[in-house]
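Worksheet: the structure to be examined is printed underneath.
The values are calculated or read from the model by the stated rules, or taken from the named source; none is laboratory data. Predicted model only: the values in this text are computed from it and were never measured. All Cβ positions, even for glycine, are placed from backbone atoms using ideal geometry, and neighbour counts span all protein chains on display.
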Amino acid sequence: MERGFTVWFTGLSCSGKTTVSRGVAKDLMKRGLKVEVLDGDVVRTNLSKGLGFSKEDRDTNIKRIGFVCKLLSRNGVVAIAAAISPYRAIRDYNRQEIGDFIEVYCKCPLEVCIERDVKGLYKKALAGEITNYTGVSDPYEEPLNPEVVLETGKETEEESINKVIRKLEELRYIPPAEAPSYSEEEKEKIQKRLTDLGYI
Amino acid sequence: MGLFDRLRFKDRRVLVVGLDGVPFSLLKALSAEGKLPNWAKLLESGSFKRMNSVHPCVSSVAWATYMTGKNPGKHNIYGFVDRFPGSMDVFIPTSRDMAGETLWEILSQAGKRVVVINVPVTFPPREVNGILISGFLCPNIDKIAYPKEQASVLREMGYRIDVDAWQARNSLDRFLEDLHLTLDKRIEAMFHFLEREEWDFFQIHIMETDRINHFLWGLWEEGDPQYGPEFIKYYQKIDAFLGQINAGLEEDTQLIVLSDHGFCGMKKEVFLNYWLQREGWLKFREKAPKSVKDIHQESKVYSLIPGRIYVNLAGREFSGSVRFPDEYERIRGEVKEALLGMRDPDSGEMIIEKVLKREELYHGLHYNEGPDLVAIPHNGYDLKGNLDKKELTYKGPLVGMHTYDDAFFYIRDVDIRRGNNQFGVMDVMPTILKLIGVPPPEDLDGQALL
């Protein structure tokens with residue numbers, strides 16, 4: 001593959017971005033593609049270390065991730081970003097900058113995310129212990145026209161991963177997965193046919 | 001082509017009959033002897049030219065070149081067997097490995113309807129606007145067709161994918177019986193689709209001519225009293241078939257008949273990997289190597305059928321040890337020189353006519369997948385890739401082999417402006433696009449003959 005592309009997962013905290021993005025990455029790697037995952041939580045410990053959760057800092061964080069995705073994409077890597085990225089304008093800015101950009105919206109009801117609360121942060125936000133928490137005390141702007149919408153409250157992890165992969169195939173970013181041309185038995189049969197003809 | 005020609009050719013339909021491995025010289029001789037009356041009649045109005053094939057000269061490479069209009073460096077089919085250098089796993093290249101769009105895919109996109117039957121390297125069948133019945137690399141009739149439902153029509157008909165070539169080693173009579181029945185079924189399938197389907201482009205491929213040539217050519221050439229006449233009889237059946245097609249053609253339909261390579265008698269099979277071992281360029285890790293996967297890291301060179309020579313290159317081959325570029329170039333030079341000096345141990349005749357470097361033959365995105373050298377033998381010596389042979393040459397049941405410069409191209413009612421061997425199999429596809437009035441893609445290597 002000469003050019004890569006960017007798969008951008010957006011959605012509330014605990015909406016399944018990290019889980020599904022890792023599954024998608026694994027599938028693409030199996031197909032021999034070069035893949036890099038930029039997970040929001042991880043990026044905030046290095047590339048965006050020190051940034052807070054004000055609108056300005058959030059925008060800077062998302063632009064930085066977008067910039068790295070752009071560099072990777074243009075060098076033949078599939079860049080997968082998994083970040084809340086709550087503001088539509090910045091996501092759209094990244095889409096414009098990157099070009100080959102597939103937006104995946106992890107749509108999950110807030111109640112379900114609160115129930116999941118893997119990191120215990122919703123609890124703190126609801127108790128007012130942390131401020132500017134998306135969905136509780138900060139806005140989340142839904143994408144208007146994402147390439148994929150995952151109903152992560154209803155779908156299984158596998159279903160969500162498949163939805164993303166099918167869309168990438170449909171958009172011809174990746175070739176459709178096919179069964180191999182031959183089963184082992186068929187391969188033997190054809191090899192024999194070619195051997196009998198003196199062709200192999 | 002002038003304006004009037006363009007008008008004349010616009011919106012024509014084209015029917016192609018592919019006769020695998022039929023030499024220009026054979027058709028010319030047999031029709032001159034009055035043995036092929038229908039063919040002789042076709043020759044009265046049309047161009048019949050001797051055409052070049054491709055290197056290496058095998059059907060999968062030649063038909064891939066035909067259907068893409070591109071050199072193997074672009075379409076990525078280099079033989080009936082290939083290897084992934086990174087693992088040295090061996091595989092059979094299929095339509096999925098063939099890069100680029102085919103003639104029928106381009107026509108389909110232009111809204112033309114196509115029917116394609118039995119062309120090599122069309123398995124698994126890729127989508128077309130129409131019907132595609134793939135060829136002898138298909139293991140099972142259920143998987144042969146696009147759309148899939150057409151397979152049941154063929155099954156009911158008793159359609160046969162290919163002959164059983166093993167029979168030729170035991171009983172030539174049974175083999176001949178099989179050849180006739182398979183051809184009959186092929187023709188039956190062709191007329192089934194020809195009569196029922198709408199089409200702008202129709203191609204039928206006859207594989208059986210290649211098969212009879214492999215096992216009976218030598219007998220016919222030597223004047224065998226039993227099988228010589230059987231050989232001619234078979235060609236007369238093909239001749240009658242061509243007559244039947246020609247008689248039924250409508251005014252707006254252009255008939256093309258072609259082969260992909262020529263044929264000549266085979267004196268001996270030549271085992272290049274045995275020779276490479278003997279000369280110290282190839283070593284195996286196993287006593288009885290099963291595939292090129294078993295080659296030793298110290299090997300410099302190995303070969304795949306027919307005459308494809310690969311350097312065991314560090315960074316490319318799994319067990320590669322030859323350094324690029326200095327050692328690579330030195331080894332290619334040494335192997336080339338040694339090959340050109342190879343002689344038949346019995347007769348003392350030279351075996352190799354020339355050795356071409358890959359940059360002399362290929363270009364394109366899949367250039368790196370191609371062989372580093374291609375050895376081209378003198379007629380009569382067929383280069384094989386077996387790994388377990390203990391002698392350089394062998395005379396077996398195969399009595400015919402492919403030739404590069406004796407394929408043929410025929411087009412009815414049209415003068416083509418190139419002389420014999422002034423064009424090749426890759427020029428046919430742009431010619432057909434021009435006849436039908438569909439613009440060719442920009443990256444073709446072939447050029448229209450009109």
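Output the number of residues of region B:391-417 satisfying the condition of being among the aliphatic types (A, V, I, L, M) and within 11 Å of chain A (Cβ to nearest Cβ).
Result for region B:391-417: 3.
Please go through region A:44-64 and give me each residue that is touching a helix residue (DSSP H, G or I) at 6+ places or on another chain (Cβ under 6 Å) and buried (at least 20 other Cβ atoms within 10 Å of the Cβ), ordered by number.
A:Ser48, A:Ile62 - these are the residues of region A:44-64 that are touching a helix residue (DSSP H, G or I) at 6+ places or on another chain (Cβ under 6 Å) and buried (at least 20 other Cβ atoms within 10 Å of the Cβ).
Can you go through A:Pro175, A:Pro86, A:Pro146 and tell me which one is within 14 Å of chain B (Cβ to nearest Cβ), within 29 Å of A:Lys26 (Cα to Cα) and assigned to a loop (DSSP other than H, G, I, E, B)?
None of the others qualify; the one that does is A:Pro175.
From the list B:Ala62, B:Ala99, pick out the single residue that is within 14 Å of chain A (Cβ to nearest Cβ) and either closer than 25 Å to B:Glu208 by Cα or crowded, with 22+ Cβ neighbours inside 10 Å (or both).
Testing whether each residue is within 14 Å of chain A (Cβ to nearest Cβ) and either closer than 25 Å to B:Glu208 by Cα or crowded, with 22+ Cβ neighbours inside 10 Å (or both) leaves just B:Ala62.
Does B:Lys390 satisfy the criteria of being among the charged types (D, E, K, R), surrounded by 22 or more Cβ atoms within 10 Å (Cβ to Cβ) and in the same structural domain as B:Leu313 (by TED's automatic domain parsing)?
It is false that B:Lys390 is among the charged types (D, E, K, R), surrounded by 22 or more Cβ atoms within 10 Å (Cβ to Cβ) and in the same structural domain as B:Leu313 (by TED's automatic domain parsing).
Among the residues of region B:97-123, write down those that are under 24 Å from B:Thr209 (Cα atoms), of a type in the set (A, V, I, L, M, F, W, C) and without any contact (Cβ under 8 Å) to a residue 60 or more places away in the chain.
If the condition is that a residue be under 24 Å from B:Thr209 (Cα atoms), of a type in the set (A, V, I, L, M, F, W, C) and without any contact (Cβ under 8 Å) to a residue 60 or more places away in the chain, then B:Phe123 is the only one that fits.
Among the residues of region B:279-296, is any among the polar types (S, T, N, Q) and within 21 Å of the chain's Cα centre (by Cα)?
No, region B:279-296 contains no residue that is among the polar types (S, T, N, Q) and within 21 Å of the chain's Cα centre (by Cα).
Name the residue, out of A:Glu185, A:Glu155, that is among the charged types (D, E, K, R) and either away from chain B (no Cβ under 14 Å) or within 19 Å of A:Arg95 (Cα to Cα) (or both).
Answer to the selection: A:Glu155.
Just to check your reading of the model, which residue among B:Asp344, B:Asp388 is within 14 Å of chain A (Cβ to nearest Cβ) and of a type outside the set (Val, Ile, Thr)?
The match here is B:Asp388.
Given the conditions (1) in a loop (DSSP other than H, G, I, E, B); (2) free of Cβ contacts under 8 Å to residues at least 24 places away in the same chain, and given that B:Thr94 satisfies all but one, which numbered condition is not satisfied?
Here B:Thr94 clears every test but (2).
Taking helices (runs of 4 or more DSSP H) that fall entirely within region B:122-211, which contain at least 1 residues that are more than 12 Å from chain A (Cβ to nearest Cβ) and hydrophobic (A, V, I, L, M, F, W, C)?
Filter on region B:122-211 gives B:150-157, B:172-196.
Somewhere in region B:298-309, is a residue of a type outside the set (A, V, I, L, M, F, W, C), touching a residue at least 24 places away in the same chain (Cβ under 8 Å), surrounded by fewer than 16 Cβ atoms within 10 Å (Cβ to Cβ) and part of a loop (DSSP other than H, G, I, E, B)?
no
Tell me which of these A:Glu36 doesn't satisfy, since it passes every other one: (1) at pLDDT 95 or above; (2) surrounded by fewer than 20 Cβ atoms within 10 Å (Cβ to Cβ); (3) more than 11 Å from A:Val77 (Cβ to Cβ).
So A:Glu36 meets the others, but not (3).
What strands (runs of 3 or more DSSP E) lie completely within region B:350-450 and have 3 or more residues being in contact (Cβ under 8 Å) with a residue 60 or more places away in the chain?
Once the strands (runs of 3 or more DSSP E) in region B:350-450 are filtered for at least 3 residues that are in contact (Cβ under 8 Å) with a residue 60 or more places away in the chain, what remains is B:373-377, B:381-384, B:400-403, B:407-412.
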